[in-house]
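We did not get these values from a lab; they are worked out from the coordinates using the rules stated. Computed from a prediction, not measured in an experiment: that's the story for all the values here. Cβ: placed from backbone, ideal geometry, glycine included. Neighbour counts: every protein chain shown.
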Amino acid sequence: MTERFDDAQLTRYSRHFLLKGFGESEQAALRSARVLLIGLGGLGGVAALYLAAAGVGDLTVCDHDAVELSNLQRQIIYGDADLGTAKTEAARSRLEGLNPDVLVRTIDQRLNGDRLVDAIEHADLIVDASDNFETRYALNRTCFRVGKPLVYGAAIGTAGQAAVFVPGNGTGCLQCLFDPEQDDPERDCHSAGVFAPLTGIVGSIMAGEAIKVLTGFGTSLAEHLLTLDARDMRMRRTLRPREPGCPICGTGG
């Protein structure tokens, strides 16, 4: 059965088609997918580049900041010419130039309340590349409420994390992993720094996990938390338990 890719698209995605288990139906699933990506920093910029390059058909990117000089150490989706430009607009230009097959939508504001719910409901999958706990927990809470898969990633210093949360699959959510009462809102890249290539590693992992969830290719991190330390290049994958009393995904909900 043909998925009606033209010659240019068959060439563009040919290295996907050479993979065992990744045929035209999987590529078509990417083409029909709607992805909402929150945060266009080091993680989100890299994830967005790979999602667009891979052929995700409808990609909405959300960020409310402008490009600053300190971003360019790790946020490789931007360049000097983008300084002072809204990240969403700079990213859209880069992504559309990378792959004209992709419809890039932008949201140049913080999403919360009904706007957040509406944006998530119109997506097939959400990528959380945000840089603050408030947004992360809001995304986790809303995704579980409306039943949408969430790809999560974080990077600070030399430590990175990635996970996939799928409502209803019996594994825990973000709040099962972290206690909101113990989070330090002051610990971020502004205060602790970040090893530049780490954001590329984690952002690439996030894009890969999103593609796997959307296509059914391979095995995703839906049951595990992946942690890595770029200083010593140590990586560990651990089972992610569900807390029975979790107010989001457990019996406490």
Check: the range 65-175 dipole with +1 on Lys, Arg Cβ and -1 on Asp, Glu Cβ, in debye: 340 debye
Peptide ranges 34-42, 109-117 listed from the most packed, as the mean C-beta count within 10 angstrom indicates: 34-42, 109-117
Selected from Gly216, Gly45, Gly57 as most flexible by GNM, with the chain as the system and alpha-carbon contacts under 10 Å: Gly216
Helix runs (DSSP H) in the chain reaching 24 Å along axis by Cα, Kyte-Doolittle at least 0.0: 196-215
Cut-off 15 Å between beta-carbons: net charge of the residues surrounding Asp114, Lys and Arg +1, Asp and Glu -1: +2
Share, in percent, of DSSP beta bridges within the chain that are antiparallel, nearest 5: 50 percent
By average C-beta atoms within 10 angstrom, highest first, the peptides 17-23, 73-79: 73-79, 17-23
Sequence-distant residues sharing a close amide H with Leu125 (under 5 Å, placed H): Arg34, Leu36
Share, in percent, of DSSP beta bridges within the range 6-118 that are antiparallel, nearest 5: 10 percent
Relative contact order (percent, whole number), the chain, Cα cutoff 8 Å, 6+ residue spacing: 19 percent
Nonlocal amide H pairs with Thr106, under 5 Å, H built at 1.01 Å: Val61
Radius 15 Å from Cβ of Arg31, net charge of other residues (Lys, Arg +1; Asp, Glu -1): -4
Within the chain, helix-based [θ] at 222 nm, where runs of 4 or more DSSP H residues each add -39,500 (n - 2.57), nearest 500: -10500 deg cm²/dmol
